[in-house]
Every structure is written in structure tokens, then in C-alpha cells.
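The values are calculated or read from the model by the stated rules, or taken from the named source; none is laboratory data. Computed from a predicted model, the values in this text were never measured in an experiment. Cβ atoms come from the backbone with ideal geometry, glycine included; neighbour counts cover every protein chain shown.
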Amino acid sequence: MFTELNSILNISPEDFPTEEFVLLSDRQSDASFLVHHFLGFYLRAGCKVCFLGLAQSFSHYSAVSQRLGVSLSQAKDKGQLVFLEGLNESLSILSPQDAQTGSEAMDFLRNPAAGLRSLFQFVNSSVSQGCAEMLWGPPVLLVDDLSVLLSLGVGVSAVLDFSHYCRAAVCSRLKGNVVMLMRCDSEDDDDNGGSERLLKGLTHQCSLALYVQGLPTGYCRDIHGQVEVCDRRKGNKKTFQYKVQDKAASFFPPGTSSAVL
């Protein structure tokens, strides 16, 4: 969890808005550090978290979170964290000898015509568990990352429907939050399977967007990129440059880093 980013967003584990759909995206850079930030943030806040880890293994997320002072294994054991390991589930279904195994959440790989209905049902069930008993704080859905679904053959409209239903269930019905990462490395739709169209559709749905990009001037050892923070409800837009360290991240206005002064 990065305290400087919390200050920029004006949030803390003790005080944060709900019913928010936060969109993370990256282009010619890596926004994974934001995924780890929000994961640790909401677990520290006592929220029930459903994490669709489509891009990496549980051990990867666990190792990074451990460095940031959060134990995902303990959160899972307590029932606070529900984790879907999309990589393993996909391999189980796509492998000929294991085609009948794997989570029902990934049924779209068996029957593409069914869309992402089963994945949504998994999310809805996961975030609803414990809510009636008030065991945890507001539920949170975290997805890393949606572009993987495009790579697996899911259409843009199906992914947008999925995000819409997740927002309705988590944000509107349960008064929780949704955080989704979308990678978009090319500006040519023919090359990236419609990721630009998906990004535009998600931008219309979200209330807060964090767009991570590489520096316009190219590689710099001491500045890893820039992030544009767009609060769509208030109509505010601010740009910061950043540097990610092992256990922290620094954010500063463009051109104010000691590396360029």
C-alpha cells in the first residue's frame, strides 16, 4: 500500500468512498503496482475481497504482498479473500487430459457461446458471502487483467457486459467497490483484438480512472512513467510521474523529480 497514492486519491483504510468503479490501464508501462496497492489497501481496510487473478499465479501476488506487509494466505484462511487463479484454471480446461476439471467460473472456455455468465456468478457468490452477517467491510472485486479475457477469445461486448453486471452487483447492490486493470499496448485495434474499444467502453462505466503510461521522452532510470488520475464524477484530471521501489512508490508532479532538476 502506497501512502503517497492514498494522499493523491484522498483515501485511507479508515475512510474511503464506496460504490466506486476504479479503472486501471497501462500503455508502454506496467500498472501492476497499482493492483498490489489496491489489494493491500482493501484487505487492510477489512473488506471482503474477490480477486480474479487472470494474469499471474497466487504465489506471485502473495510474494509481492508479503513485501508490502500483507499476507494473502492468512486473508484466504480467514475467508476475507477469495482468489480465482485464472492461469491454472484455464490450463486445466484447455489441456486435453484435464478438460473436465477446472472451475465452473471459467466455463466460457468450454462453451464460448455462454459468455461470462459463470464468471459473474462466481463473483456474485464470492462477494455476497459474509455480507449478511456483516463479517467484513464493503465487498471489493479486483480483476487483473481484463485483456486476458480478450486473449482467450471473449468478445469486447461480453467483457463490457461482465463489467456492467459486476458494477451493478458489487457497487449498486452491495455498496462496495470494483477495481479492474486493462492493458492496452497498441493503438491499432487489428493488432490488439479490440482492447482500445474495450478501454473506451470501460472508461464510460468507471467513476475513477488511473492511466499509466511510459514517459513521452523515453526511458529514464529514476522515473518509471507517469499516471493520469481522472476523477470522472468531479471532472478533475491530474498527472503525476512515479518511481516504484521494492516496498514503496513515489509520486511527484511532472518535472519535479530530483533526477531531472
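Overview of results
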{"item": "Filtered residues of the range 81-127 (kept if among the polar types (S, T, N, Q) and modelled with pLDDT under 90)", "result": "N88, S90, S92, S95, Q97, Q100, T101, S103, N111"}
{"item": "Failed item, numbered, when S65 is tested on (1) among the small types (G, A, S); (2) more than 10 Å from the chain's Cα centre (by Cα); (3) under 15 Å from V229 (Cα atoms)", "result": "(3)"}
{"item": "Any hit, the range 172-186, residues being at pLDDT 95 or above, within 17 Å of the chain's Cα centre (by Cα) and more than 15 Å from L24 (Cα to Cα)", "result": "yes"}
{"item": "Qualifying positions in the range 23-73 - polar (S, T, N, Q), closer than 25 Å to Q129 by Cα and free of Cβ contacts under 8 Å to residues at least 60 places away in the same chain", "result": "S57, S59, S62, S65, S71, S73"}
{"item": "Test: V154 is modelled with pLDDT of 95 or more and under 20 Å from the mean Cα position of the chain (by Cα)", "result": "no"}
{"item": "F33 closer than 17 Å to R183 by Cα and touching a Lys or Arg at 6+ places or on another chain (Cβ under 6 Å)", "result": "no"}
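Residues are listed down the side, and each one gets a yes or a no for (1) at pLDDT 95 or above; (2) closer than 29 Å to R221 by Cα; (3) among the aromatic types (F, W, Y):
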| residue | (1), (2), (3) |
| --- | --- |
| T18 | yes, no, no |
| L23 | yes, yes, no |
| A75 | yes, no, no |
| G79 | no, no, no |
